Amino acid sequence: MNGLLFIKALLLGFSVSAPVGPIGLLCIQRTLSRGKAAGFLTGFGAVTANLIYASIAALGLSVVSAFLVEQEIYLRIFGSLFLFYVGIKTLLKAPANHAAQIQGEALLSMYLSTFVLMITNPATILNFVAMFSGLGINPENGSGAETAALISGVFFGASLWWAILSIAVSLFRKKVTPHLAFINKMAGGIIILLGLLAIIR
């Protein structure tokens, strides 16, 4: 039973991460300019935020969930402004002439940037609650083992998507490198637009 629950949660984590939005664009752009590790760490920041919210939903922490949802407007404003900032940085980023060794500080920055973008959307908790219900999962009635299977499944499913994306994009890296300036501008412009739309909304 727990094995089946884990597979369901893994597929859920994978499918939640798969739609290409601002974080997907950042993962692609950073993989092309800095390599697989940069792309995966970019996605893993989102994985961590999703893991936190999936855990809150799975553990039935209604008090924490209610508090975060009540603060949603402030968190979303901050997240939208931060998305706009990330878009500008991406737009203005000069393409590297060769692959440089990425320092730990740079990798941490890539991880934290997408973690902040995802953690400022507390409505994700409600999305996980709805998706768990859609799969016929009721975390409140589950055992500790079932909850662990649910949370770990979401984690590994989401991580699998970002690993696949970063590896797949890196295969085309050499061919795309001459066009990095255009890619940076296009990705940055789209992220800025998404940030502006989020601010307006």
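The values are calculated or read from the model by the stated rules, or taken from the named source; none is laboratory data. Only a predicted model underlies this, so the values are computations on that prediction, with no experimental measurement involved. Neighbour counts are summed over all protein chains in view; Cβ atoms, including those assigned to glycine, are modelled from backbone coordinates with ideal geometry. Remember, those area values only see protein heavy atoms, side chains included, never the ligands or the DNA or RNA. Shrake-Rupley method; radii C 1.70, N 1.55, O 1.52, S 1.80 Å.
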Q) At a Förster distance of 45 Å, what's the computed FRET efficiency of Ile73 paired with Lys174, Cβ-Cβ distance as r, to 0.05? A) 0.50
Q.
Per 0.36 nm of contour for each residue apart, how much would the distance between Ala130 and Leu197 grow if the chain were fully extended, relative to their Cα-Cα spacing?
A. 21.6 nm
Q.
With a 1.4 Å probe and all protein chains kept in place, how do Leu107, Leu126 rank by accessible area, largest first?
A. Leu126, Leu107
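Scaled to the compact-protein estimate 2.2 N^0.38 Å, what is the alpha-carbon radius of gyration of region 1-51, rounded to two decimal places?
For region 1-51, the normalised Cα radius of gyration comes out at 1.32.
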Q.
Give the lysines reachable from Lys93 as a straight Cα distance under 26 Å; neighbours fewer than 8 places away on the same chain don't count.
A. Lys36, Lys174, Lys175, Lys185
Q) Going from most exposed to least, what order do Glu146, Glu70 have by accessible area with a 1.4 Å probe? A) Glu70, Glu146
Q: Please give, to one decimal in nm, the separation of the simple spin-label points placed at Ala163 and Phe182, each 7 Å out from Cα toward the Cβ.
A: 3.4
Q | Gained length - Val64 relative to Val20, 0.36 nm times residue gap less alpha-carbon distance | A | 13.0 nm
